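J.: Below is one structure. I have some questions about it.
Please treat every number below as a calculation from the coordinates, not as lab data. Everything numeric here is computed off the predicted structure, so don't read it as measured data. Ideal geometry is used to build each Cβ from the backbone, glycine not excepted, and the neighbour counts take in all protein chains shown.
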Amino acid sequence: MNPLDDISVFGSVHLGYVVIETQKFADWHRFGRDAIGMHVDELDATTMRFRLDEHDCRFLLRRGPAEDVTTLGWQIDDHDTFDHIVRRVTGRGVPIQEASADESALRGVERLWRFPGPKGLIQEVFTRPHCSGQPLSMHTSSFVTGEGGIGHVALTTTKPAQVRGYYNTVFDARLSDYIDETINGAKLKIRFLRVNQRHHSLALAANRGVKVDPIRTRIQHLNIQVDNLDDMVDSYQRVTDLGFGMALAVGQHTNDRELSYYAQTPSGFEWEVGWNPITVDETTWEPTTHQGISIWGHTPVGQTVVDKLAQFKQIIRSLREREETVSALSGDGIPDD
């Protein structure tokens, strides 16, 4: 056994924050605060943060042209586990950099280090969040965070084995299950990975035929969870009343049983608001394959011909471009079980 892998970090890793680069600050302010119902802090003309709970930062928005998620921030429970993850990364020759004090302060965390991840998504690890104690001002009564982290992110990829291998190498991610789905004629296999008790912190969707990626952004969607059903219903109504696009109407997933909807963010990727997913019991859980993403609902809303043409152009573009991987941390990848 590789000495870098002899201690599992599973259960000590939690999705702590997400960094978004955008020029659309006014739209994001309305979307995050008025539609989704999060607390907003405007730090200056180039920086805005959203809060879900006592943590100072759960979403950091920086001004820039990407209109995309750029970074995933992972909270690590203790310094020993943090050091172990750093050794895994550096031991395989991957560059890792300590963040400055100002960068840590913007994210509201301590002991922050970063290293490259799949699809150009920077991975950041930290050990302790700042909790200022300032009261929350939110339309939503409460969000579910805690041991499961803030939610999950979903990626489309042409290299699912390598991406899965990466998160297994770095965080000892475990396979929760698969979903087979056909969307607009494309046959997809979606892999769901967990790093703690949350059913999944990462979902990896890949076309089962030609290796294409229909999504412009690094992530296809991100998810947060509300504490009660009324909060989900109320936010759905606010999203539609305020004129933001709705990608998928309310429905229930086959695998984690979460009730949710998907809104279109100002930057183009989707934002899922969910309620009441199952948590994984490690003593009994066995991965399985589900047919279709939903038991009911999640019907597409308002997709236009222009949207379909843009997606087709992205598919053609993805045939010419090479998806970024971090081969030193992906090994040979993990083939489907």
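J.: Going by a ≥ b ≥ c, the root eigenvalues of the Cα gyration tensor, does segment 146-327 fall in the rounded group (a/c under 1.5), the prolate group (a/b larger than b/c) or the oblate group?
T.: Oblate.
J.: Over the chain, what is the mean sequence separation of C-alpha contacts under 8 Å (at least six apart), divided by residue count, expressed as relative contact order in percent?
T.: Over the chain, the number comes to 19 percent.
J.: When the chain is modelled as a GNM with alpha-carbon springs shorter than 10 Å, which of 179, 295, 215 fluctuates the most?
T.: Among 179, 295, 215, the largest mean-square fluctuation in the Gaussian network model of the chain belongs to 295.
J.: Follow-up question, since we're still on this one. In debye to the nearest 20, how big a dipole does segment 70-157 give about its Cα centre with +1 on each Lys and Arg Cβ and -1 on each Asp and Glu Cβ? Before the final figure, lay out the partial values.
T.: Working: 8 positive and 10 negative charges, 67 e Å.
Around 320 debye, computed over segment 70-157.
J.: Given charges of +1 on the Cβ of Lys and Arg and -1 on the Cβ of Asp and Glu, with all other atoms neutral, how large is the dipole of the chain about its Cα centre, in debye to the nearest 20? Show your work: numbers first, answer last.
T.: Working: 35 positive and 47 negative charges, 273 e Å.
Magnitude of the dipole: close to 1320 debye.
J.: Further, regarding this structure: Report the rotationally averaged projected area of the chain based on its alpha-carbon convex hull, in square nanometres.
T.: Values: hull surface 65.9 nm².
Average of the hull's projected areas for the chain equals 16.5 nm².
J.: Which residue, 241, 256, 77, has the most motion in a Gaussian network model of the chain that connects Cα atoms within less than 10 Å?
T.: 241
J.: In whole Hz, what ³J(HN,Hα) sequence does segment 227-243 give by Karplus (6.51, -1.76, 1.60; θ = phi - 60°), x for Gly and Pro?
T.: Calculated HN-Hα couplings, in order: 8, 9, 4, 4, 5, 5, 5, 5, 5, 4, 5, 5, 4, 6, 5, 8, x Hz.
J.: Okay, moving on. Using a Gaussian network for the chain with springs between C-alpha atoms less than 10 Å apart, which of these wobbles most: 21, 272, 282?
T.: Residue with maximal mean-square fluctuation among 21, 272, 282: 282.
J.: Determine the percent antiparallel among the DSSP beta bridges restricted to the chain, to the nearest 5. All intermediate terms of the calculation are to be shown ahead of the outcome.
T.: On the way: 59 of 82 bridges.
So the antiparallel bridges in the chain amount to around 70 percent.
J.: Could I ask something else about it? Place +1 on the Cβ of every Lys and Arg and -1 on the Cβ of every Asp and Glu in the chain, take the dipole about the Cα centre, and give the residue among 209, 23, 283 whose Cα lies farthest towards its positive end.
T.: 209
J.: According to a simple spin-label model (label point 7 Å from Cα along Cα-to-Cβ), what is the distance in nm between residue 210 and residue 142?
T.: A separation of 5.0 nm, rounded to one decimal place.
J.: Between segment 5-29 and segment 175-209, what's the alpha-carbon centroid distance in Å?
T.: So the separation of the two Cα centres works out to 19 Å.
J.: As a test, work out the antiparallel percent of DSSP beta bridges whose residues both lie in segment 173-305, rounded to the nearest 5. Kindly include the intermediate steps, with their values, before the conclusion.
T.: Numbers: 30 of 39 bridges.
That works out to approximately 75 percent antiparallel.
J.: I need 195, 233 ordered by Cβ neighbour count within 10 Å, fewest first. Intermediate results must be reported in sequence, preceding the final value.
T.: On the way: 195 26, 233 16.
Taking fewest neighbouring Cβ atoms as first place, the list is 233, 195.
J.: Might you report the magnitude of the Cβ-based charge dipole of segment 15-143 about its Cα centre, with Lys and Arg at +1 and Asp and Glu at -1, to the nearest 20 debye? Before the final figure, lay out the partial values.
T.: Numbers: 16 positive and 20 negative charges, 71 e Å.
In total the dipole reaches around 340 debye.
J.: Please order 290, 139 by the number of other Cβ within 10 Å, starting at the fewest. The partial results should precede the final answer.
T.: Working: 290 18, 139 15.
If I rank by nearby Cβ atoms, fewest first, I get 139, 290.
J.: Could you give each residue of segment 211-219 its phi-based ³J(HN,Hα) in whole Hz, using Karplus coefficients 6.51, -1.76, 1.60 with θ = phi - 60°, and x for Gly or Pro?
T.: Per-residue couplings from phi come out as 6, 10, 10, x, 10, 5, 7, 5, 10 Hz.
J.: Just want the ordering: 22, 70, from fewest to most Cβ atoms lying within 10 Å of their own Cβ. Could the numbers behind the result be given before it?
T.: Working: 22 22, 70 17.
Fewest-to-most Cβ neighbours within 10 Å comes out as 70, 22.
J.: Across segment 13-19, in residue order, what do the Karplus-derived ³J(HN,Hα) couplings come to in whole Hz, using 6.51 cos²θ - 1.76 cosθ + 1.60 with θ = phi - 60° and x for Gly and Pro?
T.: 10, 9, 5, x, 7, 10, 9
J.: So what does log10 I(q)/I(0) come out to for segment 3-129 at q = 0.10, 0.14, 0.19 Å⁻¹, using the Debye formula with one equal point on every Cα and no solvent?
T.: Treating every Cα as an identical point scatterer, log10 I(q)/I(0) equals -0.34, -0.63, -1.06.
J.: I would also like to ask the following. Sequence gap at least 6, Cα distance under 8 Å: using those rules, report the relative contact order of segment 146-327 to the nearest whole percent.
T.: Numbers: 367 pairs, mean separation 46.4, N = 182.
Relative contact order, segment 146-327: 26 percent.
J.: What residues from segment 38-64 fall in the zone where the backbone N is under 20 Å from a label point 7 Å along the Cα-to-C-beta line of residue 97?
T.: It comes to 47, 60-64, nothing else.
J.: Suppose only helical runs count, i.e. DSSP H with n ≥ 4. What mean residue ellipticity at 222 nm does that imply for the chain under -39500 (n - 2.57) per run, divided by all residues and rounded to the nearest 500 deg cm²/dmol? Walk me through the numbers before you get to the answer.
T.: On the way: 7 runs with 70 residues, N = 337.
Rounded to the nearest 500, it is -6000 deg cm²/dmol.
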